[in-house]
Each structure stands twice: as structure tokens, then as C-alpha cells.
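To start, the structure itself, in C-alpha cells.
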Amino acid sequence: MRYFKLIKYDLKNGFQLGLIKLLIVALLAIIFCIDFYFRKSNVYFFNDHTPPGTFIDYLFYMLAGMRDEVSAPTEGVKWLLLQLFILYSTLYYPHRDLSSLGLSILVRTKKRSAWWVSKSIWIICYTLGNYLVIFLTVFVFCLVMQEPISLNITSMFVRDILDVISPYDTFSPNLVYIIAFLPMIISIALNLFQMTLVLFIKPLYSFGVTAVIILASVYQLHPFLPSNYAMPIRSEYVIENGMQASDGIAMAICLLVISIIVGCLYFRHYDILNVD
Amino acid sequence: MTKIELEGVYKIVKGVSVIHDISMTITSGQVTGLRGVNGSGKTMLMRLIAGLILPTKGTIKIDGKVLGKDISFPESIGILLENPAFLNRYSGFQNLRMLASIRNNIGDAQINHALHTVGLDAISSQKKYKKYSLGMKQRLGIAGAIMEQPEIVILDEPTNSLDANGVEQVKHIVRHEKERGAVVILACHDTDILDELADEIHYLENGAVIQTTGRGHQA
């Protein structure tokens with residue numbers, strides 16, 4: 001019973017503290033939607049009419065990531081900005097809770113492992129919340145701009161706007177799942193990894209280390225760099241010899257489980273001193 | 001009857017020995033005072049007893065159960081450590097209710113009683129925590145520590161930021177907690193308060209107990 005109350009406390013308190021950050025994510029999503037809307041107007045300026053962008057086209061544009069051969073440093077900035085912001089938004093709550101009411105709550109809960117699991121659940125829910133905000137924002141934007149709410153990927157946008165040379169004329173429906181779920185799952189795993197790292201090093205350093213892993217993924221197409229899987233543009237369904245979704249899911253689950261277990265075991269003997 | 005036993009407790013933090021070979025036994029209905037200059041190890045010792053940090057060497061037993069091995073935290077404990085911290089956007093009452101909801105063994109009446117005991121009236125207990133003065137925050141911290149009538153009460157500098165009236169209320173609370181049979185561990189810079197309230201006073205220096213005075217001890 002205490003365990004559920006702890007989860008309830010974390011969800012309520014963590015989401016209330018993170019509300020402004022969720023609004024910032026919504027604002028970023030709006031900016032990226034507007035950017036896509038005008039980019040396709042510019043690209044197809046000489047066409048009789050600008051082709052409509054579907055719900056999934058907008059999401060793909062936002063969460064696509066960077067091509068494996070980066071031509072300009074600004075390429076994929078949207079993806080990087082979102083990933084880093086979501087990572088940063090979960091950085092401080094678990095740590096700072098121990099210098100607030102959370103300390104008294106931890107003592108009352110009696111179990112350190114329960115505290116860790118509760119914070120892990122919060123991280124998962126809050127990261128899901130961030131993606132839900134993105135999806136809702138895109139959905140509302142499409143409604144307002146009278147763009148089709150559909151999951152059909154428009155191939156020419158991938159070629160003309162995302163600038164990808166793909167061997168496929170039409171894309172597999174599996175790509176929709178990759179766009180919708182893989183960036184989210186990898187984000188959750190990296191956020192949990194970051195939370196575990198905070199037990200060993202200062203929060204800002206933990207953010208730095210995780211950010212370096214994300215940045216390294218941008219410049220190195222390697223199966224052991226998790227963020228490669230969070231870039232649908234590098235998927236096997238878009239490019240030849242692309243990242244395999246099954247590997248990405250397996251890596252995310254491994255990272256997630258290892259982070260929770262290592263954190264849980266370490267936190268059982270972790271010294272709760274003054275939080276700076 | 002609650003019994004806390006420390007046996008050869010050492011604590012090393014980042015290579016520095018902050019608690020050095022402390023052994024003591026504390027039982028119910030007793031006020032144990034901790035005295036020492038800043039950095040002498042009072043707060044560390046309290047954190048050790050609360051289960052927030054674990055000894056590098058030695059054991060701490062609460063009613064025979066080893067902290068960090070058999071139990072993570074004492075079964076029934078109320079703590080006020082240095083600066084109390086609550087959630088700014090809630091009132092004092094709401095903060096305490098949130099805390100109480102975890103154990104769920106007291107209702108609103110007991111929370112209000114605790115608030116009244118520390119001198120926070122109905123109006124001030126409904127104010128948002130961020131609007132509290134330092135003294136009010138301290139009073140709320142004490143209320144949070146005692147409201148569930150825990151078997152162990154740890155108060156670290158409870159008179160900080162309090163006026164004369166508040167100090168008298170703290171004295172009354174400590175006496176009451178002792179009478180109802182709680183283990184009270186009190187650290188206070190004010191030597192008069194410790195002399196007046198504590199049954200036993202441990203003097204700490206560089207993390208070690210250098211002297212113990214009180215019942216059964218010679219100064």
C-alpha cells in the first residue's frame with residue numbers, strides 16, 4: 001500500500017514540477033510543425049498546390065534524426081534539441097526530491113528499493129508524457145491546419161525535405177511504428193541510465209555523459225550506440241543496411257533493465273547526504 | 001520499549017573519517033543530547049541512526065535489527081534534520097497530510113494537533129509553505145517529526161530560527177515526547193537547553209565521542 005502511495009506521490013509531484021518543461025516541449029513541437037509546413041510550401045513552390053502533410057509526416061520530420069553522413073552541423077538539430085531537452089527535463093527531480101519532502105517520505109516508506117522503483121516509474125511515465133505532448137501537439141496542429149490525420153508516409157517528403165536517398169519507393173507500414181515508438185523507448189532507457197549515473201557522479205556530469213552518448217550516435221552509425229535506433233531516418237526501412245528495429249528494442253530493454261537493477265542495488269547502500 | 005545500540009561505528013566519507021568508533025545505547029523515555037562544534041559529527045550521527053547513511057564499519061541495531069541489513073530504516077521514526085524542506089506550492093497542513101498519507105496511521109485531527117503543539121495556528125497552517133518565515137518552517141518541520149508519535153524522534157537544532165516562545169514550546173515538546181516513552185535524540189548549540197532537557201549528553205569532536213555526562217556518567 002505504501003508502495004502505491006509513493007508512486008502516486010512521485011507521479012503527482014514530479015509531473016507538477018515538470019509541467020513547464022512539458023509546455024516547452026509542446027512549444028518546440030509547434031515550432032517544428034510550422035517549420036515543416038513552410039518548408040514544404042517552399043520546396044513545392046512551383047507546384048500547382050502544396051501537397052498535404054499527414055500526421056505521421058509531421059512526426060517523421062520532427063523525430064527523423066540525422067542522416068548517417070552528416071552534411072551540415074545544423075542537420076537534425078530538431079531531433080537533437082528534443083532528445084537533449086527530454087533528457088534534461090528528468091535530470092533533477094529524483095535527486096532533488098531527497099532534499100525536499102522526499103527524504104521524510106523515503107524514511108516513512110521504509111524500503112529504499114521501493115523509492116528507486118517509484119522514481120524509475122516516474123521517469124518512464126514522464127518521458128512517455130513528453131512524447132504524448134509531441135503527438136498531441138502535432139495532432140492539434142494537423143486539425144487546425146486541415147492536414148490529414150493519417151499514418152501514410154508521403155515518400156516524396158522523405159526524398160525532397162529529409163533529403164534521404166532511399167532504395168524504397170514506398171515505405172513499409174513498420175516504419176510508422178518505428179517513428180512512433182523507437183525514439184520514445186530509447187529516450188526512456190537513456191533517461192533511466194542518466195538517473196542511475198547520478199548515484200555515482202553529479203547530476204550535471206551525468207547529463208553530460210548521456211548527452212555525449214547521444215552526440216556520438218549522431219556522428220557514428222554503430223549498433224552499440226543506442227541513439228542510432230532513435231533516428232527513424234537511419235532505419236532499415238529507410239536506408240540500405242540501416243539500423244534494425246529489433247536490435248534497438250533489445251538494446252533499450254537491456255539498458256532499461258540494467259539501469260533499474262544496478263540503481264536499485266546501489267541505492268540500497270547509498271549515503272543520503274546533503275544534496276547540493 | 002525501543003532500544004538503539006551503536007557498536008564501534010565508523011563512517012568515512014570521501015576518504016575523511018566523519019564518525020570515529022562510536023558506541024552507545026539509547027533507550028525509550030530518555031533524551032540523548034549531542035553537543036559539539038560545527039562539523040563535529042552530530043548531524044552525521046543522526047543520519048546514521050535514521051538509516052540515511054550506513055556505517056563504514058560497526059553496526060547500528062534498532063530493537064536488535066541491524067540497520068542496512070535487516071531493515072533499511074527504523075520502523076517508527078520522526079526526523080528534523082538541519083533545514084526542514086517541504087513543497088512550496090502546498091500549505092503546511094497539506095504538506096503534513098501528504099507525509100501522513102504514507103503511513104496512514106493518523107488523520108487530520110492529529111495533524112492539526114501537531115500543528116497546534118508547535119504553535120502554528122489554523123490560519124498559518126493553511127498558508128502556502130513558500131510564504132512561511134524561517135521560524136514557521138522550523139515549527140512545521142518539528143510538527144512533521146512528532147505528528148505520528150514515532151518511537152524515535154530525532155531533532156537536529158530544533159530551536160534554530162525560533163523566538164523565545166518557540167524555544168519554550170520545543171522544550172515542552174521534548175519533555176512530552178520523553179514522557180510518552182519515545183527515544184529522543186537532540187542536537188542543539190544552546191548548552192542551557194541541552195543541560196535542561198537531556199538525560200545524557202555526548203560531546204563530539206572530530207567524529208568521536210570525547211565525553212559523556214548525565215545519569216550514570218561522571219563529568
(request) Taking 50 Å² as the minimum loss, tell me which residues in segment B:41-59 lose that much accessible area going from the chain by itself to the full protein complex (1.4 Å probe). (result) B:R47, B:L52, B:L54
(message) Ignoring everything except DSSP H segments at least 4 long, calculate the 222 nm mean residue ellipticity for chain B; use -39,500 (n - 2.57) per segment, divide by total residues, nearest 500.
(response) -9500 deg cm²/dmol
(message) Under the rule of at least 5 residues apart or a separate chain, name every residue whose amide H is placed under 5 Å from the amide H of B:L34.
(response) B:L186, B:A187, B:C188, B:H202
(request) Using only protein heavy atoms and a 1.4 Å probe, report how much of B:K131 is accessible, in Å² to the nearest 10. (result) 140 Å²
(message) Using alpha carbons only, how many angstrom separate the centre of segment B:1-76 from the centre of segment A:165-229?
(response) 43 Å
(request) Order the following by accessible area, largest value first: B:V66, A:V218. Probe radius 1.4 Å; ligands, DNA and RNA are ignored. (result) B:V66, A:V218
(message) Can you classify chain A as rounded, prolate or oblate using the Cα gyration tensor, where a ≥ b ≥ c are the square roots of its eigenvalues, rounded means a/c under 1.5, and otherwise it's prolate if a/b beats b/c and oblate if not?
(response) prolate
(request) Of the listed pairs A:K5/B:K61; A:K8/A:K119; B:K11/B:K178; A:K5/B:K128, which have alpha-carbon separations greater than 19 Å here? (result) A:K5/B:K61; B:K11/B:K178; A:K5/B:K128
(request) Report the residue, chosen from A:L143, A:L87, A:L190, that carries the largest GNM mean-square fluctuation when chain A is represented by alpha-carbon nodes joined by springs under 10 Å. (result) A:L143
(message) For segment B:108-181, what are Rg and Dmax over the alpha carbons, in angstrom?
(response) 11.7, 35
(message) Please state the shape class of segment A:120-182: rounded when a/c is under 1.5, otherwise prolate if a/b exceeds b/c and oblate if not, all from the C-alpha gyration tensor.
(response) oblate
(message) Suppose each label sits 7 Å from its Cα in the direction of the beta carbon; what would the B:K127-A:F139 distance come out to in nanometres?
(response) 4.4 nm
(message) Please report the antiparallel percentage of DSSP beta bridges with both residues in the protein assembly as shown, rounded to the nearest 5.
(response) 55 percent
(request) Tabulate in residue order the Karplus-calculated ³J(HN,Hα) for segment B:196-211, using 6.51 cos²θ - 1.76 cosθ + 1.60 with θ = phi - 60°, rounded to whole Hz; enter x for Gly and Pro. (result) 6, 9, 7, 7, 8, 10, 9, 9, 10, 8, 6, x, 10, 7, 9, 7
(message) Please report the carbon-and-sulfur percent of the accessible area for segment B:128-219; probe 1.4 Å, protein heavy atoms only, DNA, RNA and ligands left out.
(response) 43 percent
(request) Please give the calculated 222 nm ellipticity per residue for chain A, where each DSSP H segment of at least 4 residues contributes -39500 (n - 2.57) and the sum is spread over every residue; nearest 500 deg cm²/dmol? (result) -21500 deg cm²/dmol
(message) Using the Karplus curve 6.51 cos²θ - 1.76 cosθ + 1.60 with θ = phi - 60°, what ³J(HN,Hα) values do you get for each residue of segment A:212-226, in whole Hz, with x for Gly and Pro?
(response) 5, 4, 5, 5, 4, 4, 4, 9, 9, 7, 9, x, 8, 9, x
(request) Rounded to the nearest 100 Å², what's the accessible area chains B and A bury against each other, both chains counted, probe 1.4 Å? (result) 2600 Å²
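The values are calculated or read from the model by the stated rules, or taken from the named source; none is laboratory data. Remember, it's a predicted structure, so these values are computed and weren't measured experimentally. Note that each Cβ is placed from the backbone with ideal geometry, even for glycine, and that neighbours are counted across all protein chains shown. Just so you know, the surface numbers come from the protein's heavy atoms only, side chains and all, with ligands and any DNA or RNA stripped out. Shrake-Rupley method; radii C 1.70, N 1.55, O 1.52, S 1.80 Å.
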